[in-house]
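Asks: One structure, pasted below without further comment.
The values are calculated or read from the model by the stated rules, or taken from the named source; none is laboratory data. Keep in mind that what you see is a predicted model, and the values were worked out from it rather than measured. Cβ coordinates were reconstructed from backbone atoms using ideal geometry, including for glycine residues, and neighbour counts include every protein chain displayed. For the accessible areas, the whole protein counts, side chains as well, though only heavy atoms, and no ligand, DNA or RNA atoms are used. Shrake-Rupley method; radii C 1.70, N 1.55, O 1.52, S 1.80 Å.
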Amino acid sequence: MKKLLTVVVLLLAVLYLPAAIIEIETVEKRSFKVNEEVTFKLTGWAEKDVKLTSGTVDVQLSDSGMTKLGKPQTFDFSKGNPQTFTAKLTRPGFILATPRQLKTVDGKTVNWQKKSPPIHGGAAVEPEKITAGGERPADFDKFWADGIKAYQNAKVEVTPEPGHKMEGYKVFRIKVDFIDNSGLIDGFLSIPEKPGKYPAVVAVPGAGVGQIRPLPMWHHDGLAINLMMNVHPFATKLSGKQQAKSYNDYNNKFPEKRYFIRNAENRDEYVYRKVWLAFNRAIDYVASLKEFDGKHLAITGNSQGGGTALAVGSMNKHVSCIIASVPALCDHAGWKAGRRPGWPLLNKNLKGKADAAAAYFDGAFFADNIKVPVLVSVGYVDPVCSPSSVYAAYNRIKSSKKIYPAYRGTHTNEPEFFPMTKEFLKQEFSK
């Protein structure tokens with residue numbers, strides 16, 4: 001009878017494992033000191049509220065997502081669940097704990113759910129001391145100042161957009177032509193119908209298809225002029241299906257099939273050179289509107305948009321505050337310091353060919369020029385915009401700043417961040 005029960009338990013374990021969830025998190029939610037032991041808790045779930053009682057999982061520890069810390073450790077759920085383990089760093093950075101394999105009691109490898117909650121565990125070790133992996137080019141400021149000057153008279157076209165209706169707003173389509181006639185950026189400008197003076201909020205989408213609605217990324221109390229522009233050189237469509245088709249057609253023109261690494265080895269032709277200068281021109285246009293209050297203008301974005309917010313926010317004199325959620329395009333040379341760089345991993349994707357040009361598009365170096373209040377978010381287990389890359393930029397900001405650490409955060413906007421952005425805009429727009 002005892003043997004039969006054992007067989008039944010093992011069969012149930014095998015049945016549960018393919019749907020298992022692995023959770024790894026720090027016991028304490030805080031930053032740690034160099035050489036301080038960090039305790040992680042590993043939990044395996046057969047399903048919601050049911051813990052695994054068998055099977056093993058391998059966990060690989062790394063320093064800032066790139067440098068391995070020893071060999072993978074194996075944990076056996078028959079010996080306890082949850083289990084704890086410790087790790088430490090000898091320098092500032094992030095400890096990342098990544099589960100590699102989940103095996104049944106008979107040694108078969110199975111998959112587990114990779115959805116929320118995050119399967120990885122992350123711990124910050126004196127993140128405020130992380131420095132950029134590369135050097136700021138001596139002509140960095142001149143390179144961008146020359147571009148701003150060249151685009152100061154770039155053509156801006158604003159026309160009514162009947163395809164979108166927003167209560168209380170007049171919606172326009174806005175586009176800015178590249179000065180070499182190679183393309184444009186396009187989006188929507190929404191102006192309150194009620195006569196008056198208003199603050200402005202600029203929204204920059206993350207990488208991918210882009211945004212098709214004239215909505216701000218983060219809301220605040222009261223009316224505001226809203227500018228949303230995509231980074232693609234084609235007209236923003238009014239339906240998701242049309243936008244996706246244009247996006248795919250655009251990407252398919254390139255051998256890489258990815259617009260964000262196209263021409264990255266050429267600082268003059270890399271996509272963000274023209275896009276950011278055109279964005280800067282669009283903001284100048286917004287600042288010239290009679291409805292603008294002349295004082296309060298926020299630039300906001302997440303991921304690609306967060307990196308853009310740092311870049312354009314540093315170069316435009318009308319920007320009064322910045323919100324950058326999990327910003328991309330930071331610490332491109334982090335690999336030199338044994339850390340995972342931020343998206344789009346130019347060194348890895350282009351095998352070093354873009355290293356020199358990438359320095360001109362690094363959020364860490366734009367950060368040097370930021371003079372306005374900044375709100376940043378960082379995901380401790382973000383596999384796209386590594387937390388060390390975000391801190392490499394954040395630490396160079398000399399103006400008033402605040403960072404929201406999402407201890408279990410991946411590459412997304414955490415729910416807790418939304419009220420923070422609303423309060424941030426409220427405070428900044430009341431000054």
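Asks: Which members of segment 259-295 meet the condition of being in contact with a helix residue (DSSP H, G or I) (Cβ under 8 Å, 6 or more places away or on another chain), touching a residue at least 40 places away in the same chain (Cβ under 8 Å), farther than 19 Å from MET229 by Cβ and not aliphatic (A, V, I, L, M)?
Replies: GLU265, ASN266, ARG267, GLY294
Asks: If you go through segment 289-310, how many residues are basic (Lys, Arg) and under 30 Å from ALA392 (Cα atoms)?
Replies: Number of matching residues: 1.
Asks: How about segment 48-58: which of its residues are farther than 20 Å from GLY107 by Cα and in a strand (DSSP E or B)?
Replies: The one that is farther than 20 Å from GLY107 by Cα and in a strand (DSSP E or B): VAL50.
Asks: Another question about this same structure. Please go through segment 107-128 and give me each residue that is at pLDDT 75 or above, on the phi < 0 side of the Ramachandran plot and in a loop (DSSP other than H, G, I, E, B), ordered by number.
Replies: Within segment 107-128, ILE119, HIS120 qualify.
Asks: Could you figure out which of (1) within 18 Å of the chain's Cα centre (by Cα); (2) surrounded by fewer than 24 Cβ atoms within 10 Å (Cβ to Cβ); (3) under 21 Å from ASN395 (Cα atoms); (4) not basic (Lys, Arg) isn't true of TYR259?
Replies: (3)
Asks: Where residues in segment 239-287 are of a type in the set (Phe, Trp, Tyr) and in a helix (DSSP H, G or I), which of them is farthest from CYS330 (Cα to Cα)?
Replies: So the residue we want is TYR285.
Asks: Pairs under 8 Å by beta carbon, first residue more than 23 Å from ALA278 (Cβ to Cβ) in segment 187-202, partner among the basic types (Lys, Arg), six or more apart or different chains?
Replies: Listed by first residue and then by second, the contacts come to PRO192/LYS170; GLU193/LYS170.
Asks: What are the residues in segment 79-91 that are open to solvent by less than 40 Å² (accessible area, probe 1.4 Å) and not in a strand (DSSP E or B), if any?
Replies: GLY80, ASN81, LEU89
Asks: Also, I was wondering about something else. In segment 403-412, is there at least one residue being among the charged types (D, E, K, R), open to solvent by 40 Å² or more (accessible area, probe 1.4 Å), within 22 Å of SER31 (Cβ to Cβ) and modelled with pLDDT under 95?
Replies: yes
Asks: Any chance segment 277-294 includes a residue that's among the β-branched types (Val, Ile, Thr) and either open to solvent by 20 Å² or more (accessible area, probe 1.4 Å) or within 18 Å of the chain's Cα centre (by Cα) (or both)?
Replies: No.
Asks: Restrict the check to segment 381-389 and report whether at least one residue is free of Cβ contacts under 8 Å to residues at least 60 places away in the same chain, of a type outside the set (Phe, Trp, Tyr) and either in contact with a Lys or Arg (Cβ under 8 Å, 6 or more places away or on another chain) or surrounded by fewer than 16 Cβ atoms within 10 Å (Cβ to Cβ) (or both).
Replies: For segment 381-389, residues free of Cβ contacts under 8 Å to residues at least 60 places away in the same chain, of a type outside the set (Phe, Trp, Tyr) and either in contact with a Lys or Arg (Cβ under 8 Å, 6 or more places away or on another chain) or surrounded by fewer than 16 Cβ atoms within 10 Å (Cβ to Cβ) (or both): present.
Asks: Being at pLDDT below 95 and either touching a His at 6+ places or on another chain (Cβ under 6 Å) or open to solvent by less than 90 Å² (accessible area, probe 1.4 Å) (or both) is the requirement here; does ILE148 meet it?
Replies: no
Asks: Still on this model: Hey, any hits in segment 217-232 for a residue that's over 22 Å from LEU297 (Cβ atoms), surrounded by 16 or more Cβ atoms within 10 Å (Cβ to Cβ), touching a strand residue (DSSP E or B) at 6+ places or on another chain (Cβ under 8 Å) and touching a residue at least 40 places away in the same chain (Cβ under 8 Å)?
Replies: The answer is yes; a qualifying residue exists.
Asks: Hey, does segment 323-344 have a residue that's open to solvent by less than 10 Å² (accessible area, probe 1.4 Å), modelled with pLDDT of 95 or more, closer than 22 Å to PRO216 by Cβ and β-branched (Val, Ile, Thr)?
Replies: Yes, some residue in segment 323-344 is open to solvent by less than 10 Å² (accessible area, probe 1.4 Å), modelled with pLDDT of 95 or more, closer than 22 Å to PRO216 by Cβ and β-branched (Val, Ile, Thr).
Asks: Right, here's the next one. Go through (1) out of contact with any Pro (no Cβ under 6 Å at 6 or more places or on another chain); (2) under 21 Å from LYS41 (Cβ atoms) for LYS155 and report which single condition fails.
Replies: All conditions pass for LYS155, except number (2).
Asks: Report whether or not LYS371 is in contact with an Asp or Glu (Cβ under 8 Å, 6 or more places away or on another chain), surrounded by fewer than 24 Cβ atoms within 10 Å (Cβ to Cβ) and part of a loop (DSSP other than H, G, I, E, B).
Replies: It is false that LYS371 is in contact with an Asp or Glu (Cβ under 8 Å, 6 or more places away or on another chain), surrounded by fewer than 24 Cβ atoms within 10 Å (Cβ to Cβ) and part of a loop (DSSP other than H, G, I, E, B).
Asks: So, restricting to strands (runs of 3 or more DSSP E) that lie completely within segment 167-208, which ones have at least 2 residues that are open to solvent by less than 40 Å² (accessible area, probe 1.4 Å) and small (Gly, Ala, Ser)?
Replies: Hits in segment 167-208: 184-192, 198-204.
Asks: Let me ask something else about it. Which one of THR131, THR159 is assigned to a strand (DSSP E or B), modelled with pLDDT of 95 or more, hydroxyl-bearing (Ser, Thr, Tyr) and open to solvent by 30 Å² or more (accessible area, probe 1.4 Å)?
Replies: The match here is THR159.
Asks: So, of the residues in segment 92-106 that are in a loop (DSSP other than H, G, I, E, B) and modelled with pLDDT under 90, which turns out to be farthest from GLY121 (Cα to Cα)?
Replies: For segment 92-106, the residue satisfying everything is ASP106.
Asks: Looking at GLY122, GLY44, GLY55, which one is open to solvent by less than 30 Å² (accessible area, probe 1.4 Å) and closer than 25 Å to LEU329 by Cβ?
Replies: Exactly one residue qualifies, and that residue is GLY122.
Asks: If you don't mind, another one. Quickly run through segment 305-322 and pick out the residues that are aliphatic (A, V, I, L, M), part of a helix (DSSP H, G or I) and within 21 Å of LYS426 (Cα to Cα).
Replies: ALA309, LEU310 - these are the residues of segment 305-322 that are aliphatic (A, V, I, L, M), part of a helix (DSSP H, G or I) and within 21 Å of LYS426 (Cα to Cα).
Asks: Determine, yes or no, whether PRO419 is part of a loop (DSSP other than H, G, I, E, B) and open to solvent by 60 Å² or more (accessible area, probe 1.4 Å).
Replies: no
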